[in-house]
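Trainee: A single structure is presented below for examination.
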Amino acid sequence: MSKIQYRFKRSTALRFLSHLDQQRLFQRAFRRANINIEYSHGFNPHPRMSFALAMSVGLTSDWEYGEVIVTGELDCNDFMTRMNAVLPNGLEIISAKVCDEGTPSLSSLLEKSYYSLKVKLVPEINFERTNQIIKSYLELPVINIQKRNKKGKMVEKDIRPFIESISVNQEDDKNDPINVKMTLVYIEQQCVKPELVLESVNNLNGAIFIIDPTIECHRHKLLLKADF
Amino acid sequence: MNNYIEKNILPLVTKPITYLGNEVNSVHKTPNKDMIRFAFAFPDTYEVGMSHLGMKILYGLLNEEKDIWCERVFAPWVDMEEQLINNDLTLYGLESMMPLNEYDFVGFTLQYEMSFSNILNMLKLSHIALAAADRKEGDPFVIAGGPCAYNPEPLADFIDLFVIGEGEEVILKIMEAYRQWKKASGKRTDFLKTVAGIEGVYVPSLYKVSYDEATGVIVSFLPIVDEAPKTIHKQFIDDLDSSYFPEKIVVSYIETVHDRVSFEIFRGCGRGCRFCQAGMIYRPTREKTVPTIQSKIRALIEATGYDEVSLSSLSTGDYSEIETLIKNLVEEYEDQKVSISLPSLRIDSLSIDMLEEIQKVRKAGLTLAPEAGTQRMRDVINKGVTEENLLDTVRTAFEKGWGHVKLYFMIGLPGETYEDIEGIADLGQKTVDEYMKIDKELRNKSLKVVLSASSFVPKAFTPFQWMGQNTREEFKNKQRHLKASIKDRKISYSWHDSGVSFLEAVFARGDRRLGKVLKRAHEKGCRFDGWGEYFDIEKWTEAFAETGIDPDFYALRNRGYDEILPWDFIDTGVKKSFLKAEAIKAQEALTTPYCPEKCSNCGIMEFKEGWQCHV
């Protein structure tokens, strides 16, 4: 029995997978790759596999982590080759390592997430104005948003601590959506969704960004507290 | 177009991944001008269609041909439909995303009557002319097959040609005819006349139907060209064991209705239940051998990574070597955590032992189908199951720890009385009593008995094809009476909307005059009639009224044995005289034995030269 942690990327072809779809996909890919995985014991056995983060529908990413417990010994290169041979176009394993039993779970190691979003501006707003707004937004010591908690009640939450930086960049073609880069920080495994940050900018300044599901959201990098 | 849809449309709809066609084992080819483009169309949602076995077989079979690219298309959900219309886009085949009207063939599978309105809707979204008569040179041929093609007449206006029976062999003959026709640069009508000569192909435009003006019944049904045969013989494959079955099947990313490898172990059924259309039209019974089944399943699991296999057939427990098969499969897959499921089991204790064998961990709910509440009624429908069988089975199940039992029934069966309705409640009560008799330590801590009663729909090619359906009022009274007859709180009761069943009865035994109604209902926005939230009986009622067609004529009327039925031109191998004899026996509650026990001469033995049942 050994634990394998791996880094993978997800591109446009599979960006519409839900978290559950992706779990199912990996589970089936393990079987197709003839990699035997461990199951939990008990009434309803589950495969022992997980991801550092649940990816939201629509997200593309160069940097995601997953882990799986396999039966017996398995070389990590062998793991990568076999998995990449069976994974559909749109998912690819970049690196993998075998770790000790006691290695902390991936989700407990989350540190920072680097995003890049392609967002359209509302017609009256230009790039320069957006730039100013973001600068003053980042100077706010507290940014409260309304959020539904687990019990379904609306509560106030300060998202400022999760935001490390935001920058906006214009594409060569000024008609294209602008590129918003965001670095967000995990605090006790919690963070804020980048779309929610844009929404709070809108709430504080009037409509700036056009927020709808056609925003393209991409993760460049995911930083862990320990080396991978 | 692909990029535009991916970026601007799909993010706005539910389940966007189902509109991309890039699943594991989906087939992508590089098209050239000689390639035949075939869109296999399932007139319901992706989740429903992707669970369908026939599509998987034909998709694999057609794609084996180098010069054919078979792709898939499903009924887009209402949000996607809205996007297609608002953005002036054409419904497309998933794999290549080519607009549907550019294909050579659009082939619909007809699984249930309630999907007919979706066919019209999909044609409209594809910008293909609804009426076959309005299609021009260069338009796709719209073809159809599947169980509802056994009464194709309600769709006669819209479909260029139907395949009657098992499609595996016929479809390749049609493709070959198409290659020749294309080479010869023939006209649309030439192609249709040519394929009309292929056994099992029905081209509705080559036939003329006349009706009696006073009564409305058919007086003649005749071909209008020499190429079209008077009778269409359904096609079946003699040697199922060596027949084509794909080694790879498309694996959906999203959860589908049947999210597993579904493997067909035999075709046909010799039980002869009189209400069951599948049991008649899929005759004769043909089995695959244990080694074939095992090796094909092995390949499919390797190719898909599924963790569940379901052994499919009309009555899985009737497979001659079922115990060996299950034992072998359990042995092979126990360590690999691949589970085996058995749908369509009959009621006997043997089944429980088998279930125990395959479900060593989980005791999911147990579903049984006595179909009727009294022995007399079960004899009428020739469901060869006794109350004792049922109670033995539930007792065994309760002893082994099951606690949730669902019993399926039909109401509105021929000759039904209120006593038969009360019998359903009684059977539920006796099931509860069996549970109570078992030691508290042994039995499951909670008990739930669900009685589910659907409204009976008489179908073509069954002994009940002449019978009028109950009225909606009768159904309502029977449902009310059943509900009142249930005394125990451990029993719950569920039923189906009789409006849907009524419409199903109209189309199941309708003729080509219904095309007008279908078109009218489509114009009013009817689609997804099988989905409770979209079924609108008001619109249908208006469509009947506006086209001057009386639905009761089709659903409620008792038909004479000498009447020409709309589907009489099809020969399924089971003789009409046999069906009539069965209908008469039903009136006296006389049963007919299971085929392997005694041949009742249904006609299938003489139907095809060289065919012999049970050898």
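Trainee: Go through the residues of the range B:570-584 one by one and say whether even a single one is of a type in the set (Gly, Ala, Ser), closer than 18 Å to B:Ala278 by Cβ and in a loop (DSSP other than H, G, I, E, B).
Mentor: So far as the range B:570-584 goes, yes, one or more of its residues are of a type in the set (Gly, Ala, Ser), closer than 18 Å to B:Ala278 by Cβ and in a loop (DSSP other than H, G, I, E, B).
Trainee: Could you list all residues from the range A:30-68 that are in contact (Cβ under 8 Å) with a residue 60 or more places away in the chain and open to solvent by less than 50 Å² (accessible area, probe 1.4 Å)? Don't jump to the end; show me each part of the working.
Mentor: Within the range A:30-68, the first condition is being in contact (Cβ under 8 Å) with a residue 60 or more places away in the chain, and the residues that meet it are A:52-53, A:56, A:58-68.
Once the filter is applied, which keeps residues that are in contact (Cβ under 8 Å) with a residue 60 or more places away in the chain and open to solvent by less than 50 Å² (accessible area, probe 1.4 Å), the range A:30-68 yields A:Ala52, A:Leu53, A:Ser56, A:Gly58, A:Leu59, A:Thr60, A:Ser61, A:Glu64, A:Tyr65, A:Gly66, A:Glu67, A:Val68.
Trainee: With the requirement that a residue be open to solvent by 30 Å² or more (accessible area, probe 1.4 Å) and at the interface with another protein chain (Cβ under 9 Å from one of its Cβ atoms), what does the range B:9-18 give you?
Mentor: B:Leu12, B:Lys15
Trainee: Name the one entry in B:Glu474, B:Glu523 that is open to solvent by 10 Å² or more (accessible area, probe 1.4 Å), within 25 Å of B:Ala129 (Cα to Cα) and not basic (Lys, Arg). Steps first, answer last, please.
Mentor: Numbers: B:Glu474 fails: within 25 Å of B:Ala129 (Cα to Cα).
From the options B:Glu474, B:Glu523, the qualifying one is B:Glu523.
Listed here are the residues, each with its yes/no results for (1) under 25 Å from B:Asp511 (Cβ atoms); (2) touching a residue at least 24 places away in the same chain (Cβ under 8 Å).
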| position | (1), (2) |
| --- | --- |
| B:Gly165 | yes, yes |
| B:Val170 | yes, yes |
| B:Lys187 | no, yes |
| B:Asp190 | no, no |
| B:Ala196 | yes, yes |
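Trainee: Please pick out the residue among B:Glu102, B:Glu81, B:Glu6, B:Glu47 that is of a type outside the set (A, V, I, L, M, F, W, C), out of contact with any strand residue (DSSP E or B) (no Cβ under 8 Å at 6 or more places or on another chain), crowded, with 17+ Cβ neighbours inside 10 Å and more than 30 Å from A:Arg28 (Cα to Cα). Full working, then the answer.
Mentor: Numbers: B:Glu102 fails: out of contact with any strand residue (DSSP E or B) (no Cβ under 8 Å at 6 or more places or on another chain); B:Glu6 fails: more than 30 Å from A:Arg28 (Cα to Cα); B:Glu47 fails: more than 30 Å from A:Arg28 (Cα to Cα).
Going through B:Glu102, B:Glu81, B:Glu6, B:Glu47 in turn, just one is of a type outside the set (A, V, I, L, M, F, W, C), out of contact with any strand residue (DSSP E or B) (no Cβ under 8 Å at 6 or more places or on another chain), crowded, with 17+ Cβ neighbours inside 10 Å and more than 30 Å from A:Arg28 (Cα to Cα): B:Glu81.
Trainee: Now for a separate question. Just checking, which of B:Gly573, B:Gly532, B:Gly603, B:Gly515 is surrounded by fewer than 19 Cβ atoms within 10 Å (Cβ to Cβ), farther than 28 Å from B:Glu416 by Cα, in contact with a helix residue (DSSP H, G or I) (Cβ under 9 Å, 6 or more places away or on another chain) and among the small types (Gly, Ala, Ser)? Write out each step before concluding.
Mentor: Numbers: B:Gly573 fails: surrounded by fewer than 19 Cβ atoms within 10 Å (Cβ to Cβ); B:Gly532 fails: farther than 28 Å from B:Glu416 by Cα; B:Gly515 fails: surrounded by fewer than 19 Cβ atoms within 10 Å (Cβ to Cβ).
Unique residue meeting the criteria: B:Gly603.
Trainee: Moving to a separate point now. Within the range B:203-259, take every residue that is of a type in the set (Gly, Ala, Ser) and more than 19 Å from B:Ile174 (Cβ to Cβ) and give me the one that is nearest to the other protein chains (Cβ to nearest Cβ).
Mentor: We begin by selecting, within the range B:203-259, every residue of a type in the set (Gly, Ala, Ser); these are B:205, B:210, B:214, B:216, B:220, B:228, B:242-243, B:252.
Among the residues that remain, those that are also more than 19 Å from B:Ile174 (Cβ to Cβ) are: B:210, B:214, B:216, B:220, B:242, B:252.
Numbers: B:Ser210: 53, B:Ala214: 59, B:Gly216: 51, B:Ser220: 54, B:Ser242: 27, B:Ser252: 9 Å.
My answer is B:Ser252.
Trainee: Any residue at all in the range B:211-226 that is outside any helix (DSSP H, G or I) and within 24 Å of B:Glu287 (Cβ to Cβ)?
Mentor: Filtering the range B:211-226 down to residues outside any helix (DSSP H, G or I) leaves B:211-226.
Filter again for within 24 Å of B:Glu287 (Cβ to Cβ), leaving none.
No, the range B:211-226 contains no residue that is outside any helix (DSSP H, G or I) and within 24 Å of B:Glu287 (Cβ to Cβ).
Trainee: Let me confirm something: among A:Ser56, A:Ser108, which residue is more than 14 Å from chain B (Cβ to nearest Cβ), within 21 Å of the chain's Cα centre (by Cα) and under 28 Å from A:Cys217 (Cα atoms)? Spell out how you get there, then give the answer.
Mentor: On the way: A:Ser56 fails: more than 14 Å from chain B (Cβ to nearest Cβ).
Just one listed residue meets the conditions, A:Ser108.
Trainee: Which members of the range A:65-74 meet the condition of being away from chain B (no Cβ under 14 Å) and either farther than 16 Å from A:Gln27 by Cβ or not in a strand (DSSP E or B) (or both)?
Mentor: Hits for the range A:65-74 are A:Tyr65, A:Glu73, A:Leu74.
Trainee: Can you pull out the residues in the range A:75-89 that are more than 14 Å from chain B (Cβ to nearest Cβ) and open to solvent by less than 30 Å² (accessible area, probe 1.4 Å)?
Mentor: From the range A:75-89, those more than 14 Å from chain B (Cβ to nearest Cβ) are A:75-81; that's our starting set.
The one that is more than 14 Å from chain B (Cβ to nearest Cβ) and open to solvent by less than 30 Å² (accessible area, probe 1.4 Å): A:Phe79.
Trainee: Still on this structure: Out of (1) part of a loop (DSSP other than H, G, I, E, B); (2) open to solvent by 30 Å² or more (accessible area, probe 1.4 Å), what's the single condition that is false for A:Thr214?
Mentor: Answer for A:Thr214: the failing condition is (2).
Trainee: With the requirement that a residue be under 22 Å from the mean Cα position of the chain (by Cα) and of a type in the set (A, V, I, L, M), what does the range B:534-581 give you?
Mentor: Those that are under 22 Å from the mean Cα position of the chain (by Cα) and of a type in the set (A, V, I, L, M): B:Ala555, B:Leu565, B:Ile570, B:Val574, B:Leu579.
Trainee: Separate question: Is it the case, given these coordinates, that B:Leu100 is under 30 Å from B:Tyr178 (Cα atoms) and touching a Gly at 6+ places or on another chain (Cβ under 6 Å)?
Mentor: Here the answer is no, as B:Leu100 does not meet what is asked.
Trainee: Continuing with this model, one more query. Quick one: A:Val180 ticks every box in (1) surrounded by fewer than 17 Cβ atoms within 10 Å (Cβ to Cβ); (2) not in a helix (DSSP H, G or I) bar one, so which box is it?
Mentor: (1)
Trainee: Restricting attention to strands (runs of 3 or more DSSP E) lying wholly within the range A:75-166, give those where 3 or more residues are touching a helix residue (DSSP H, G or I) at 6+ places or on another chain (Cβ under 8 Å). Walk me through how you get there before you give the answer.
Mentor: Working: elements: A:91-99, A:110-119, A:144-148, A:154-158.
Of the strands (runs of 3 or more DSSP E) lying wholly inside the range A:75-166, those with at least 3 residues that are touching a helix residue (DSSP H, G or I) at 6+ places or on another chain (Cβ under 8 Å) span A:91-99, A:110-119.
Trainee: Among the candidates A:Ser113, A:Ser11, A:Ser18, A:Ser40, single out the residue that is more than 14 Å from chain B (Cβ to nearest Cβ) and among the polar types (S, T, N, Q).
Mentor: Details: A:Ser11 fails: more than 14 Å from chain B (Cβ to nearest Cβ); A:Ser18 fails: more than 14 Å from chain B (Cβ to nearest Cβ); A:Ser40 fails: more than 14 Å from chain B (Cβ to nearest Cβ).
The unique qualifying residue is A:Ser113.
Residue-wise test of (1) open to solvent by less than 10 Å² (accessible area, probe 1.4 Å); (2) away from chain A (no Cβ under 14 Å).
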| residue | (1), (2) |
| --- | --- |
| B:Thr292 | no, yes |
| B:Ala303 | no, no |
| B:Tyr319 | yes, yes |
| B:Leu325 | yes, yes |
| B:Ile340 | no, yes |
| B:Ile352 | yes, yes |
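Trainee: Restrict the check to the range A:11-33 and report whether at least one residue is part of a strand (DSSP E or B) and either among the aromatic types (Phe, Trp, Tyr) or at pLDDT 95 or above (or both). Write out each step before concluding.
Mentor: Step one: of the range A:11-33, the residues part of a strand (DSSP E or B) are none.
The answer is no, given that none of the residues of the range A:11-33 is part of a strand (DSSP E or B) and either among the aromatic types (Phe, Trp, Tyr) or at pLDDT 95 or above (or both).
Trainee: Just to confirm my filter: which strands (runs of 3 or more DSSP E) fall fully inside the range B:363-470 and include at least 1 residues that are at positive phi and either surrounded by 16 or more Cβ atoms within 10 Å (Cβ to Cβ) or touching a Ser or Thr at 6+ places or on another chain (Cβ under 9 Å) (or both)?
Mentor: Working: elements: B:366-371, B:404-411, B:448-455.
By residue number, B:366-371.
Trainee: Somewhere in the range A:126-147, is a residue over 30 Å from A:Arg28 (Cβ atoms) and within 14 Å of chain B (Cβ to nearest Cβ)? Give the derivation first.
Mentor: Within the range A:126-147, the first condition is being over 30 Å from A:Arg28 (Cβ atoms), and the residues that meet it are A:126-147.
Then keep just the ones that are within 14 Å of chain B (Cβ to nearest Cβ); that gives none.
Scanning the range A:126-147 turns up no residue that is over 30 Å from A:Arg28 (Cβ atoms) and within 14 Å of chain B (Cβ to nearest Cβ).
Trainee: Are any of the residues in the range B:271-283 outside the structural domain of B:Val170 (by TED's automatic domain parsing) and within 24 Å of B:Glu64 (Cα to Cα)?
Mentor: At the first step, the residues of the range B:271-283 found to be outside the structural domain of B:Val170 (by TED's automatic domain parsing) are B:271-283.
With within 24 Å of B:Glu64 (Cα to Cα) added as a condition, the list becomes none.
No, because not a single residue in the range B:271-283 is outside the structural domain of B:Val170 (by TED's automatic domain parsing) and within 24 Å of B:Glu64 (Cα to Cα).
Trainee: B:Leu123 - would you say it is buried (at least 21 other Cβ atoms within 10 Å of the Cβ) and not in a loop (DSSP other than H, G, I, E, B)? So that I can check it myself, show each step before the final result.
Mentor: Working: buried (at least 21 other Cβ atoms within 10 Å of the Cβ): yes; not in a loop (DSSP other than H, G, I, E, B): yes.
Yes; evaluated as a whole, the condition is true for this residue.
Trainee: Only residues in the range A:185-204 that are at positive phi count as the first member; pair them with residues that are open to solvent by 30 Å² or more (accessible area, probe 1.4 Å) and not in a loop (DSSP other than H, G, I, E, B), Cβ under 8 angstrom, at least 6 apart or cross-chain, and list the lot.
Mentor: A:Gln189/A:Ser107; A:Gln189/A:Ser108
The values are calculated or read from the model by the stated rules, or taken from the named source; none is laboratory data. Keep in mind that what you see is a predicted model, and the values were worked out from it rather than measured. Note: ideal-geometry Cβ built from the backbone for every residue, glycine included; neighbour counts use all protein chains shown. These area figures cover heavy atoms from the full protein model, side chains too; ligands, DNA and RNA do not enter into them. Shrake-Rupley method; radii C 1.70, N 1.55, O 1.52, S 1.80 Å.
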